[in-house]
Amino acid sequence: MLTRRAMLGQASAAASAAWVMRAGVAAGAIGGTPVDFDVPRGACDCHVHVFGDPTKFPFAEKRIYTPPQASVEQLLELQRELHLDRVVVVQPSVYGADNACTLDAVRRLGARARGVAVIDRTTSRTALEEMAAAGIRGVRLNLETNTAGRFDPADAKAVLDATVEQIRGLGWHVQIYTRTAVIAGLKDHLGQMPFPVVVDHFGRGNPGQGPGQPDFVALLDLVKSGRVYVKISGAYRVSERAPDFADVTVLAQALVAANPDRIVWGSDWPHPNSDAGRGKPLTEISSPFPIDDGLLLNQLPKWVPDAAVRKKILVDNPARLYGFEAVAG
């Protein structure tokens, strides 16, 4: 006769098997449109996620969505298709502060990879030092895709200050995923951080309002000061003009003009769509955004026509921020 623990174990295994079956298409087509410009040696994709086998890397019980699998092998295929040599694996919200999957990916990818972790108040100093040794170079504060709801500037400041104390002395940076309204509310505080701050996905600026919108101007000021980096990544998170999201060009160009030494690029592969899972059972797989990664990368020369500036964005700035070896030439 099966014990209750054995029955629960069988149920968990069955659920995981069902997840794998439903995620059969996984992250979808790799690459897409061929890259149509010369990508410099040492180029880095500064924003991807890896979603592993849930029997090895279980998701957090409290999460908004359940993504399909996106493996290290698929990520390497994407890197080859996009002619990229380096990558930064960012901890996604579905794992909470359990960084096992992200750390496994960084270790398997080796010298070409760095990572950005998520921590909480229970994360020990020993764990942080072990993550640093494994290739983690920063922590992410996700103030958008979380079960607590969106944060206002006061709440965000409290979380930021607590994180600053935890990582002090590690030589890391703090990466923030939030809206320009929160960034503007924290402008003075962010400018006083003892280490770099990295803002995801154009700061979620609105392309329709242009670069002169007050909250975006605050972000531009922080970039000009050199205190803040911005990832020109996830264009589809601020634009609905698929497939090339041409309206973000004005935001990208304004950010680069503000300070080309503080801009990095990321694909946001495999393009998880948390909104597709909101209010739905977590047993349902949330389909990712259908993004053509090659076409997305091909927008970079339109945003940044100067090849020397593109090299800063793809090679030099990531090397400085994430601790990669400098690339000569």
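List of remarks:
- At least 15 Å along the helix axis (C-alpha) and Kyte average at least -1.0, DSSP helices within the chain: 4-22, 153-167, 214-225
- Volume per residue for the chain equals 135 cubic angstrom (convex hull of Cα atoms).
- Coil-residue trypsin sites (Lys or Arg not before Pro) of the stretch 155-189, DSSP, other Cβ within 10 Å capped at 16: R168
- Listed residue pairs exceeding 32 Å between alpha carbons, taken from K56/K311; K187/K302; K280/K312: K56/K311; K280/K312
- Qualifying aspartates and glutamates (Cα of each under 13 Å from Cα of K62; at least 8 residues distant if same chain): D98
- Between the beta carbons of D292 and F195, assuming R0 = 41 Å, the FRET efficiency works out to 0.70 to the nearest 0.05.
- Full extension of the chain between E61 and A246 yields a length gain of 62.8 nm, computed as 0.36 nm times the residue separation minus the alpha carbon distance.
- Straight-distance candidates among the aspartates and glutamates for linking to K224, with alpha-carbon spacing under 12 Å and chain neighbours fewer than 8 residues away dropped: D261.
- The residues E165, E144, E240, E81, sorted by heavy-atom accessible surface at 1.4 Å with ligands and nucleic acids left out, run E240, E165, E81, E144 from largest to smallest.
- With all protein chains in place and a 1.4 Å probe, the accessible surface of the stretch 198-265 carries 47 percent carbon and sulfur.
- In loop segments of the stretch 273-328 as defined by DSSP, the trypsin sites (Lys or Arg not before Pro) with at most 11 further C-beta atoms inside 10 Å of their C-beta are R278.
The values are calculated or read from the model by the stated rules, or taken from the named source; none is laboratory data. A quick note: this is a predicted structure, and the numbers were derived from the prediction, not measured. Methodologically, a virtual Cβ is constructed for each residue, glycine included, from the backbone with ideal geometry; neighbour enumeration extends over all protein chains shown. When the accessible area is computed, the model is the full protein with side chains, heavy atoms only, and any ligands, DNA or RNA have been set aside. Shrake-Rupley method; radii C 1.70, N 1.55, O 1.52, S 1.80 Å.
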